[in-house]
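The values are calculated or read from the model by the stated rules, or taken from the named source; none is laboratory data. Computed from a prediction, not measured in an experiment: that's the story for all the values here. Ideal geometry is used to build each Cβ from the backbone, glycine not excepted, and the neighbour counts take in all protein chains shown. Areas reflect the complete protein model, heavy atoms only, side chains present, ligands, DNA and RNA absent. Shrake-Rupley method; radii C 1.70, N 1.55, O 1.52, S 1.80 Å.
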Amino acid sequence: MSDLADAVLPLLRTRADLHRWSSANAHGRQMHDAVDRLEAAVPDADPHDAWTVTHKALASAVTIIARADDSSGIIGDACRRLLDLHPRVAQAASVPASTLVPWLIRFQFEGEVDYFELDPVAYAPALGELGTARYRAALAEIRTTAGPPPDAASWPDPHRRIRWVLEWNDRRLAVLDRDVEGIVRTHARDRRVAAWLQDTAEAMEEIGRTDLALDWARRAVDHDHGHQSLTASRYWLGLITRHRPEETLEAVRYVFHRWPTASTAAALREAAGATWSRYEAETFAALATNAAESVSFCLNSLADPVRAWKLAEELGLTDSSGWSALAAAYETVDPLAVLPVHRRLVTEALTEADARQYREAARRLARMRRLAAGTVEATAVEEFVAELRVTHRRRPRLQQEFDRVGLPR
């Protein structure tokens, strides 16, 4: 083996049992070290040596992940780094299409795992025009073998995986061809899913059609009020910021009014900058339907616990986590005012037997004692602790947590 192979391949290969999560993670980190070495060496290495090592490294990585517990995704990430490097090294080494095309087909349709996709756009420079045509022909032959998709009564489809890979290649080849109509057909499909509309926008951006990317991203935003449309709104705003920055504020405002949350309100405030006062009233009016979001916005974006406290009372905040965050912030304003909140949260935490809730209740009681120390509320807090000791005397784990934080017996 070459020096590069000696430095890289032993770090990837192992006979160890990787079905244990900890062992898989440890080997995954070792695999990343191997890829680091390979990536660093490729620019100065002999192209054919770099190709040989990268190709063998990828084969080893795929074999490893097939028998590993990769719940953490560490090994998978190492595989993806190799998959990103593979087409670039193939181009530099001038790997012949007669070698590359059969491998592309085998990896996707006969591979040991089906976790990864190969991108024909990335491999196009290595394949060249003739190689790409040969690759298309191989896909067409597989499509013929699979036959037409079955009707609903014939499911399950024995060729489902094959069809998925073919559809993936159709999408990427439409991008390679810079075929606007083909992108719409393969990415947007029947336009019933917001994520598909965003996929279309991203493909349009990839081929340099920013105008169409903005149009399709906006369609994804307007598709419905679900999480996919909300995700698309972030992509749309990114496009606006990069290509039409003068429209950013109104776009952010539009997204906020579709999804009036603390995070979208924070984005509006940031976009408004010095003109925030013009939008403040409409922002709070839109947030008023959700007490938790209103309070969160005041606390996290405006750093205004006084206003947050007032809104919590006016809007009837019921969210326990919201009250917990509010109490922590408001205690710097009025430490005694938050004691009833802490008391209520302690009572709620102890409604069920739960060790985590026991720890939280004990810490909250200790905090109440510190806040009340030397005030007229000190006695009431001590009496509350004593009452809980008696009421929950048959919960030894709770009593231990109380002892752990130094609560009196």
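Taking only protein heavy atoms and a 1.4 Å probe, what accessible area per residue, in Å², does segment 244-345 have with all protein chains in place?
Normalised by residue count, the accessible surface of segment 244-345 is 49 Å².
Mind telling me which of 51, 21, 196 comes out most flexible in a GNM of the chain, alpha-carbon contacts under 10 Å?
Its mean-square fluctuation being the largest, the pick is 21.
Specify whether the C-alpha gyration tensor of segment 179-224 places it in the rounded, prolate or oblate class, a ≥ b ≥ c being the square roots of the eigenvalues: rounded for a/c under 1.5, otherwise prolate if a/b is larger than b/c and oblate if not.
Oblate, because a/c is 1.5 or more while a/b does not exceed b/c.
Say we join alpha carbon atoms closer than 10 Å with springs in a Gaussian network model of the chain; which of 63, 231, 332 then has the biggest fluctuation?
332
What whole-number volume per residue, in cubic angstrom, does the convex hull of the C-alpha atoms of the chain give?
Given the Cα convex hull of the chain, per-residue volume reads 243 Å³.
Mind checking which of 283, 23, 214 is farthest towards the positive end of the chain's charge dipole, using Cβ charges of +1 (Lys, Arg) and -1 (Asp, Glu) about the Cα centre?
23
Considering the chain as a Gaussian network with a 10 Å cut-off on Cα pairs, which listed residue, 76, 128, 374, attains the greatest mean-square fluctuation?
Most flexible of the set in this elastic network: 374.
Cα centroids of segment 224-260 and segment 293-316: how far apart, whole angstrom?
What the calculation gives is 24 Å, centre to centre.
Sort out for me the Cα centre separation of segment 376-409 from segment 1-61, rounded to whole Å.
First find each Cα centre; the distance between them is then 57 Å.
Enter the accessible area per residue of segment 168-211 (Å², integer; probe 1.4 Å; all protein chains in place).
Accessible area per residue, segment 168-211: 48 Å².
Could you list, bin by bin from short to long, the percent of Cα-Cα pairs of segment 272-315 in 5 Å steps?
So the P(r) values, bin by bin, are 5, 24, 32, 26, 11, 3.
Compute the distance in nm between two label points, each set 7 Å from the Cα along the Cα-to-Cβ direction, one at residue 151 and one at residue 355.
5.8 nm
So, with +1 on the Cβ of K and R and -1 on the Cβ of D and E, and no other charges, what is the size of the charge dipole of the chain about its Cα centre, to the nearest 20 debye?
For this selection, approximately 1220 debye.
If Lys and Arg each add +1 and Asp and Glu each add -1, what is the summed charge of the other residues whose beta carbon sits under 11 Å from the beta carbon of residue 367?
Summing Lys/Arg as +1 and Asp/Glu as -1 gives +2.
With the cut-off at 1.5 for a/c, could you classify segment 94-163 from its C-alpha gyration tensor as rounded, prolate or oblate?
prolate
Positive end of the charge dipole of the chain (Lys, Arg +1 and Asp, Glu -1 on Cβ, about the Cα centre): tell me which of 60, 399, 233 has its Cα farthest that way.
Sorting the options by dipole projection puts first 399.
Given the DSSP H assignment, sum -39500 (n - 2.57) over each helix run of at least 4 residues in the chain and divide by its residue total; what's the result at 222 nm in deg cm²/dmol, nearest 500?
On the way: 21 runs with 291 residues, N = 409.
So the helix-based figure for the chain works out to -23000 deg cm²/dmol.
Run the accessible area of the chain with a 1.4 Å probe and give the carbon-and-sulfur part as a rounded percent.
Solvent-exposed carbon and sulfur of the chain make up 51 percent of the total.
Does segment 342-383 come out rounded, prolate or oblate, given a ≥ b ≥ c as the square roots of the eigenvalues of its C-alpha gyration tensor, rounded meaning a/c under 1.5 and, failing that, prolate meaning a/b above b/c?
prolate
For segment 15-108, report the accessible area per residue in Å² (1.4 Å probe, heavy atoms, rounded to an integer).
Details: 4340 Å² over 94 residues.
Counting only protein heavy atoms, the per-residue value for segment 15-108 is 46 Å².
Dipole magnitude of segment 198-340 about its Cα centre, charges +1 at Lys/Arg Cβ and -1 at Asp/Glu Cβ only, in debye to the nearest 20?
The dipole magnitude comes to about 140 debye.
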